[in-house]
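One structure is given here, and the rest of the page talks about it.
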Amino acid sequence: MIAAPDRTPLTREFFDRPVLEVAPDLLGRVLVRTTPDGPIELRLTEVEAYDGPNDPGSHAYRGPTARNGVMFGPPGYVYVYFTYGMWHCMNLVCGPEGRASAVLLRAGEITEGAELARKRRLSARNDRELAKGPARLATALGIDRALDGTDACATEGSPLSLLAGTPVPSDQVRNGPRTGVSGDGGVHPWRFWADNDPTVSPYRAHTPRRRRT
DNA sequence: CCTTTGATGTACT
DNA sequence: GTACATCAAAGGA
């Protein structure tokens, strides 16, 4: 018998810890996205840590802007950014307040509302691909900049919340270099994933792009 | 399986 | 102008 996932919401205190502590602890937790059509639930299988001021790979490295302002606020809130001209990615702000550290949600397994996720991810060839990658995850859950700054710890009528779920045991958590991060930011082994999980995205080292003509 | 390329907002040089 | 916490389509092996 496998114990049923714990539906207790994660508290502010959960996020008010150093990002390198929170990131691996998020694996196996359940993200609940409430849409007008119904709920979609996702079991997290892959994340990356970004540690604000000390981290050249972080959006917060060069200080606050209109885009990243939420990262400089209190922990437990959602930072959503728009990138490559067409994709959204979702992060959870960690503590302490003002440090501007956050966890990028990179991949997960849809455990509820798969039919809703499939409508948003028409190119997915199977359900394992629905949220295999950070932009795919955000697309599957219908997440965009309108949700930037949402409190992920709120329980009543919140469009987003996190439940305790079934944490991945530490001996099944693997870590390695972050995907697609260039320069000095690429040295940190701050990508965490659930060992042997089919929904984890393939690792891609950073590759410089050729100039457009 | 693999590699190449186009899509293009935001931040920065 | 150029890089970027990306993805999907197209074509080759």
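The values are calculated or read from the model by the stated rules, or taken from the named source; none is laboratory data. These numbers come from a predicted model, not from an experiment. Don't worry about glycine lacking a Cβ; one is built from the backbone with ideal geometry, like all the others, and counts go over all protein chains shown. Just the protein is used for accessible areas: all its heavy atoms, side chains included, with ligands, DNA and RNA removed. Shrake-Rupley method; radii C 1.70, N 1.55, O 1.52, S 1.80 Å.
Quick notes on this one:
- Single match in A:Ala124, A:Ala60, A:Ala114, A:Ala146 (criterion: more than 15 Å from the chain's Cα centre (by Cα) and over 25 Å from A:Thr34 (Cβ atoms)): A:Ala60
- With respect to being in contact with a strand residue (DSSP E or B) (Cβ under 9 Å, 6 or more places away or on another chain), within 17 Å of A:Leu141 (Cα to Cα), open to solvent by 10 Å² or more (accessible area, probe 1.4 Å) and not in a strand (DSSP E or B), A:Leu116 fits the description.
- Residue under evaluation A:Asn54, criteria (1) surrounded by fewer than 23 Cβ atoms within 10 Å (Cβ to Cβ); (2) touching a residue at least 24 places away in the same chain (Cβ under 8 Å), criterion not met: (2)
- Tabulated pairs, region A:71-84, first within 10 Å of DNA strand C (Cβ to nearest atom) and assigned to a loop (DSSP other than H, G, I, E, B), second modelled with pLDDT of 95 or more and of a type in the set (A, V, I, L, M), C-beta under 9 angstrom, 6+ apart or interchain: A:Tyr84/A:Ala135
- A:Asp184 fulfils the conditions (1) open to solvent by less than 60 Å² (accessible area, probe 1.4 Å); (2) within 11 Å of DNA strand C (Cβ to nearest atom); (3) out of contact with any Lys or Arg (no Cβ under 6 Å at 6 or more places or on another chain); (4) not in a loop (DSSP other than H, G, I, E, B) except for a single criterion, (1).
- Checked across region A:161-180, the condition of being among the polar types (S, T, N, Q), in contact (Cβ under 8 Å) with a residue 60 or more places away in the chain and assigned to a loop (DSSP other than H, G, I, E, B) holds for at least one residue.
- Members of region A:128-155 found to be surrounded by fewer than 17 Cβ atoms within 10 Å (Cβ to Cβ), among the basic types (Lys, Arg) and out of contact with any Phe, Trp or Tyr (no Cβ under 9 Å at 6 or more places or on another chain), listed by number: A:Arg128
Yes/no matrix, rows are residues, columns are (1) over 19 Å from A:Arg191 (Cβ atoms); (2) within 12 Å of DNA strand C (Cβ to nearest atom):
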{"residue": "A:Arg62", "(1), (2)": "yes, yes"}
{"residue": "A:Thr65", "(1), (2)": "yes, yes"}
{"residue": "A:Met90", "(1), (2)": "no, yes"}
{"residue": "A:Pro96", "(1), (2)": "yes, no"}
